[in-house]
Amino acid sequence: MIRFHLPLLGFAAALLPSVAIAGDLELHLVDQAGKPVADAVVTVRPAAGLPGRPISFPWPMTMVQQNIAFNPHVLIVPVGATVPFPNKDNVRHHIYSFSKPAKFSMKLYGQDEVPSYTFRTAGAVALGCNIHDTMSGFIKVVDTPYAAKSAGNGTVRVNGMPAGNATVTIWHPMMRTKDNEQIMQVALGASGVVSKPVALTLRGGS
């Protein structure tokens, strides 16, 4: 009969393989003229796989209409999120989408009601208003917790992913590519920050 002592078991457990956690991925996005690109959505799918926990993000899952505009202009939400559309204007809006991942119409409403929609399919959803043609917004529905949006200086940072190879997708509503996306492969280290400049080709750019 073989007997194991606790210290030996503890040593053996320490030798078991574990998932190495990377630091961050930081991208610096510019257009063909070298200008920073804001509101680009970066999603990462590590080859090691995605965590099994539900996806959540720290920003509000709300698309506001204010000053005859969508705020934010681009919103990232996880698959399954129910997004309210509050109207903070003194005029009524009629919000709609004809996009493949989500087709809906929120008929005329003011500040007295807050319609909502549950996004069940990953993809880009373009928003408009039947009353105000200048209104344009986007909801990017994602199925990975590793997602973030570029700031006004073109910088975007995605945190805490498993080390190893990863597929990085950059989406922007004005990108001059199929599905408005650019895909690249990145090797993530076991710690620290992987930082890369990325040039995007946008419609209407120089």
Excluding residues fewer than 8 places away in the same chain, name every one of the lysines whose C-alpha is closer than 26 Å to that of K178.
K35, K100, K103, K140, K149, K196
Taking the DSSP beta bridges in the chain as the whole, what percent of them are antiparallel, to the nearest 5?
75 percent
Virtual spin-label span in nm between I183 and V114, 7 Å along Cα→Cβ
3.8 nm
Mind checking the alpha-carbon convex hull of region 56-143 and giving the volume per residue in Å³?
79 Å³
If I model a spin label at R157 and A199 as a point 7 Å from the Cα along the Cα→Cβ vector, what separation in nanometres do I get?
2.6 nm
Run the Debye formula on the Cα coordinates of region 143-206, all scatterers equal and no solvent, and tell me log10 I(q)/I(0) at q = 0.15, 0.16, 0.27, 0.29 1/Å.
-0.53, -0.60, -1.44, -1.54
How high is the relative contact order of region 84-193, in percent, with contacts defined as C-alpha pairs under 8 Å that are six or more residues apart?
17 percent
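Test of understanding: what is the full-extension gain from F98 to N165, defined as 0.36 nm times their sequence separation minus their Cα-Cα distance? Can you show the working numbers first?
On the way: separation 67, 0.36 × 67 = 24.12 nm, distance 3.52 nm.
The F98-N165 span can extend by a further 20.6 nm.
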Computed about the Cα centre, the charge dipole of region 63-206 from +1 Lys/Arg and -1 Asp/Glu charges at the Cβ has a magnitude in debye, to the nearest 20, of 260 debye
Taking one equal scatterer on every alpha-carbon of the chain, how large is log10 of I(q)/I(0) by Debye at q = 0.15 1/Å?
-0.97
Signed unit charges on C-beta, dipole axis of the chain, positive-most listed residue T167, M106, L202:
T167
Most exposed first, judged by fewest Cβ atoms within 10 angstrom, W171, W59 run W59, W171
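Every number here is computed from the coordinates shown, using simple stated rules; none is lab data. Nothing here was measured: the structure is a model prediction, and the numbers come from that model. All Cβ positions, glycine included, derive from the backbone under ideal geometry; neighbour counts span all protein chains shown.
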